[in-house]
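Any read-out appearing in this document is the output of simple, stated calculations on the displayed coordinates, not a laboratory observation. Note that the structure is a prediction, hence the values are computed from the model and not measured. Methodologically, a virtual Cβ is constructed for each residue, glycine included, from the backbone with ideal geometry; neighbour enumeration extends over all protein chains shown.
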Amino acid sequence: MIYLGIILGVVVLWLIAVYNSFVKKKMRVKEAWADIEVQLKRRYNLIPNLVETVKGYAAHEKETLTKVIEARTKAMSASGGKEKIAAENYLSQTLKTLFAVAENYPQLKANQNFLELQKELIDTEDKIQAARRFYNANVRDYNIALKVFPKNIIAAVFHFTPEPLFEITTEEERKTPKVSFGS
């Protein structure tokens, strides 16, 4: 009887340890996502100033400017992991197009305000990429833990579910932006 009690005690302690490890990994994923959101907020705040600056020099590039604003709005209102990831990837693509358009306007490229905004946005994009790598590493560790036997049984019992990676999700996002000048 004592042995049965010891075995049962060890199993309960193991279950507690496994459950707690899932909770810790899940919290690391949430923390990593919060790091991404901080940088995304910074990017959202820079975009309107950048668009206004470009608008002054490249007014006939209205379609590109409109796409950037629409992508920003969509990204800000997206909810849920996969929807947010897709919206953010699209916003990154439209920003690349905006900078490609700016290359055709020497006066714009010399504008101090534009240069500063561009520098800040590039710095922010670098921070977003670092935050995405950190997030993806935590998601990878968490998702692997969910699938490894026998922990996968405990994960299913306690309804732990996989988290999405922050990755390029469509062929359109993988393409280099196409730019046309003037109209």
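Tabulated data
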item: Where a label projected 7 Å from the Cα of residue 120 along Cα→Cβ would reach, residues of the range 32-55 with amide N under 20 Å; result: 36-55
item: Charge dipole (the chain, unit charges on Cβ, about Cα centre) - positive-most of 12, 81, 115; result: 12
item: Pairs of lysine residues in the range 49-172 - Cα separation under 20 Å, sequence separation of 8 or more or cross-chain; result: 19
item: With at most 16 neighbouring Cβ atoms within 10 Å, loop GluC sites (Glu not before Pro) (DSSP) excluded, longest segment of the chain; result: 1-102
item: The range 2-174: relative contact order in percent, alpha carbon pairs under 8 Å with at least 6 residues between; result: 33 percent
